[in-house]
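Below is one structure; the comments refer to it alone.
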Amino acid sequence: MSAVEITAEMLASSEPYQEESGVYWFISDELNVRELAKAMNAVQARFVTITTYQLPKEEGFRLEYHWDLGGRLLGFAFNLSGNSIESGKIESIYDLCEAVDWIEREVHEEYGIEFTGREYEPLLLRPGDTPGVNKREEVAK
């Protein structure tokens, strides 16, 4: 199901969403972050933020994209599994939504997640610092 179809369903009914703490959540393995941004732009939704969680052990990260559509807060979750360099990547939507600039850079610096397709200007890191300052240390086995 494309993000445009998901958005159309949401506008018609809140059935595909699960409301929790004032956020209407939609979780799908088929959802693409760039398709989502295009669909949100098409319905004039306003980007709010990205919340990032490091999942337990080596399960990876969860990125929650929040959008406001007519006063309804929509949440879309993307799981990045594993802690390998390759798995800590997701496509940037900066070229589709300039409002994500700061938060994509912040998530990159704090968790080492790469938003592919963009360049970064440092926010807090100094030359030579490695992104991922908030990433949990791996426990020696």
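Table for the structure above
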item: Whether region 20-107 is rounded, prolate or oblate, judged on the alpha carbon gyration tensor where a/c under 1.5 counts as rounded; result: prolate
item: T52, T116 arranged by Cβ crowding within 10 Å, fewest neighbours leading; result: T116, T52
item: Sorted by Cβ density within 10 Å, fewest first, the residues D29, D95; result: D29, D95
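None of the figures in this text is laboratory data; all of them are computed from the coordinates on show. Model, not experiment: these values are computed from the prediction. Methodologically, a virtual Cβ is constructed for each residue, glycine included, from the backbone with ideal geometry; neighbour enumeration extends over all protein chains shown.
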